[in-house]
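Right, one structure below, let's go through it.
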Amino acid sequence: MRPSKHTSNTRENEVVSVFRFRLEPAKEQEQKLFHTFYLCRRLYNAALEERIKAYQVHGISVHYTDQQNRLPAWKREHPEYKQVHSQVLQDVLQRLDQAFVNFFEKRAKFPKFKNKFMFRSTTYPQARSTYFHENKVFLPKIGWVRMVAHLPFDPASVKMINVKFHDSKWYANLTCATEVGAPITEIQSAVGIDLGLLSLIATSDGDFFENPKWLQKSEKRLKRKQRQLSRKKKGSKNREKAKQKLQRQHDHVANQRKDHLHKVSRSLVDRYDLICMEDLQVKGMMKNHHLAKAIGNASWGKLTTYFEYKTKRVGKRLIKVPPHHTSPICSSGCGTLVKKSLSERTHKCPTCGLEIDRDVNAAINIVHRGLAILQQTG
Ligand SMILES: [Zn+2]
């Protein structure tokens, strides 16, 4: 078992991650932990027995709340249970309850009595930020235990601590829930970005982000290899080999492309508080052959996703605007529609005389629309 970190999304704004860290309890603490396992296991088996008997003898079902309500009485009868944190005991009963749920929902067999090898973890379901100090974790009734936190984590985000003995080693699994998205920053700078035909994107401030030359080269090389492959005999060993090689190169270029898109999106999110882009249904646009190529190369969909989460993470904003006529409308505000063919690179307005790169003209219209939406929605 390797120390690991898993991440999954639950609620929209909440990310739950589990950090697994090694624990190094002192000898005495280790004995307390083993004794806790023993007491918890006894409670588990007694609670299971109670459920079975109640059903066999009286035909009634015992539920979690019934058993939880009897915990104080159980503790009075068995004073040694004062050595175990009450939440840990509640968790034991909850585990049993879950075992029954799994059985009734046909996901598991009927719950079994547990021997000492089957019961080697306890859970503290309500952790507090004060449970963590320097390289130690506080386990109620056990004490401050040394913990090797090899990854940074936020103590305030820890919701649950699970202590496990596995393969002669001790582990703490910390379940952390963090809100994604910082509070919204005040918007002091805004940018519109347009999907360029020649460059990757053009901004309303007149900046262009190109697909780097090396990326274009790798893509060309890939195409050449693809042609070579198609000439090889179907089903031959050589073809199979070439196919695998090509797949590896595909992955490599895809990663290079992603890297570049990360860089571009990061630099824009760093610079601006509000990013406006067209709400493009990429699939709809793919029908246009020329545009499809540009979109494919630019990986527009990916870029959109990156902008979405990067802005959210730092409390900035992304607004997607309706894409109609962002290209022909004159961005000076004169309101003229200047039709251009795809090959015309410059927007020349006959009414107000504005002369500007066609993609920058579109980007300016996009940021204007975004700011208008911002004003309406706040
Ligand atoms: Zn004009």
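The values are calculated or read from the model by the stated rules, or taken from the named source; none is laboratory data. Here the structure is a predicted model, which is why all the values come from computation and not from measurement. In this analysis, Cβ positions are derived from the backbone assuming ideal geometry, glycine residues included, and neighbour counts consider all displayed protein chains. When the accessible area is computed, the model is the full protein with side chains, heavy atoms only, and any ligands, DNA or RNA have been set aside. Shrake-Rupley method; radii C 1.70, N 1.55, O 1.52, S 1.80 Å.
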Out of the residues in segment 207-217 that are part of a helix (DSSP H, G or I) and at pLDDT below 80, which is surrounded by the most Cβ atoms within 10 Å (Cβ to Cβ)?
Leu215
Of the residues in segment 155-177 that are of a type in the set (Gly, Ala, Ser) and surrounded by fewer than 18 Cβ atoms within 10 Å (Cβ to Cβ), the one that is modelled with the lowest pLDDT is Ala177
Select, from Arg239, Arg224, the only residue that is open to solvent by 50 Å² or more (accessible area, probe 1.4 Å), modelled with pLDDT of 80 or more and either at positive phi or not assigned by TED's automatic domain parsing to the domain that holds Leu318 (or both).
Arg224
Val180 - would you say it is surrounded by 15 or more Cβ atoms within 10 Å (Cβ to Cβ) and at pLDDT below 95?
no
For the structure I just gave you, tell me whether Ser17 is touching a residue at least 40 places away in the same chain (Cβ under 8 Å) and in contact with a Leu (Cβ under 9 Å, 6 or more places away or on another chain).
yes
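Conditions tested, residue by residue: (1) in contact with a strand residue (DSSP E or B) (Cβ under 6 Å, 6 or more places away or on another chain); (2) closer than 25 Å to Ala127 by Cα; (3) modelled with pLDDT under 95.
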position	(1), (2), (3)
Tyr44	no, yes, no
Tyr55	no, no, yes
Arg70	no, yes, yes
Gln83	no, yes, yes
Val88	yes, yes, no
Val101	no, no, yes
Phe104	no, no, yes
Filter segment 314-359 down to residues that are open to solvent by 80 Å² or more (accessible area, probe 1.4 Å) and not in a strand (DSSP E or B) and give me whichever is nearest to the ligand (Cβ to nearest atom).
Thr351
